[in-house]
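This report refers to the structure that appears directly beneath it.
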Amino acid sequence: MYVFRRWWERYGVQTVLAVLALVAAGLVRHTNGAVLFEMYQALARPFEANPAQQEQLVNARIRELEQRLAEQERQNQSLKQLVGAVGDRDRQPIFAPAIGRSAHHWWNHIILGRGRRDGLKKGYIVTAPGGLVGRISSVTDRTSRVLLISDPTSRVGVTIGRSRSMGFLRGQGTERAVMEFFDKVPDVKAGDTVSTSSLSQLFPPGTPVGSVESVKLNASPAPEATVKLSAPIGNLEWALVEPNRPISETSSDTTLDAEEQPQEEREDGFEEN
């Protein structure tokens with residue numbers, strides 16, 4: 001008994017493995033490996049995804065790729081529109097992405113991802129496909145803050161394209177603004193186009209602003225028109241920035257008295273240029 005125990009301790013494991021190998025070989029020979037394959041499947045099955053799970057994963061990946069492709073196409077279309085908006089301008093504008101916007105001041109200002117290092121300065125004009133967006137009110141080395149024409153404190157000298165009636169545009173915090181006329185009985189009607197005035201010193205003349213939706217000739221203290229802004233200010237993602245003309249280039253010594261740059265509260269990280 002002692003001799004068997006010593007032998008088992010020394011050769012038992014090898015003997016068991018040899019027997020198992022012989023049994024496995026016999027099973028493979030008689031079943032063509034079917035038993036071992038079934039055993040492998042039984043052991044591996046808990047770690048395999050079932051067909052329904054695999055299909056869900058594949059469909060999720062397809063949806064992700066489709067969304068990425070649609071986003072790329074949309075961005076390409078936006079850039080094409082920007083390039084088309086450049087046209088035959090005398091000065092080459094700077095393309096700037098919108099990188100920041102407050103939900104509480106959505107129609108007041110926006111932050112662009114271009115700054116002093118890119119050549120931008122306070123007072124530069126910001127446009128987009130469709131027309132005027134605003135003007136730069138402060139800059140840092142890498143970013144710029146834009147006062148939007150939809151801001152209630154914004155004032156823009158504007159002209160009716162058909163009749164040349166003049167006034168100034170004030171923002172309403174929405175995609176619509178109000179044009180207040182200088183004439184007591186202005187020649188204006190719904191559908192008239194509105195652009196920046198030649199008397200403006202803050203904006204270049206002839207820049208599209210919007211179109212007249214309705215008119216209130218009996219408004220006080222002056223006749224008014226509701227103007228639908230033509231630039232996509234509410235969902236702006238890219239913009240064009242360019243210098244304004246020097247004041248000496250204005251066509252007249254007369255300027256629009258109502259057109260002033262409002263005093264803004266400075267945000268942290270911004271300074272006047």
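Laboratory data are not the source of any read-out in this text; all were calculated from the coordinates shown. Note that the structure is predicted; figures quoted are calculated from it, not measured. FYI the Cβ positions are ideal-geometry reconstructions off the backbone, even for glycines, and counts take in every protein chain you see.
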Under the classification rounded if a/c is under 1.5, otherwise prolate if a/b is larger than b/c and oblate if not, where does segment 92-246 fall, given a ≥ b ≥ c as square roots of the Cα gyration tensor eigenvalues? prolate
With a ≥ b ≥ c the root eigenvalues of the C-alpha gyration tensor of segment 161-215, is it rounded (a/c under 1.5), prolate (a/b larger than b/c) or oblate? rounded
Reachable lysines, given that their alpha-carbon falls under 20 Å from the alpha-carbon of Lys216 and they are not under 8 places away in the same chain: Lys184, Lys189, Lys228
Tally Lys/Arg at +1 and Asp/Glu at -1 over every other residue whose Cβ is under 11 Å from the Cβ of Lys228; what's the total? -1
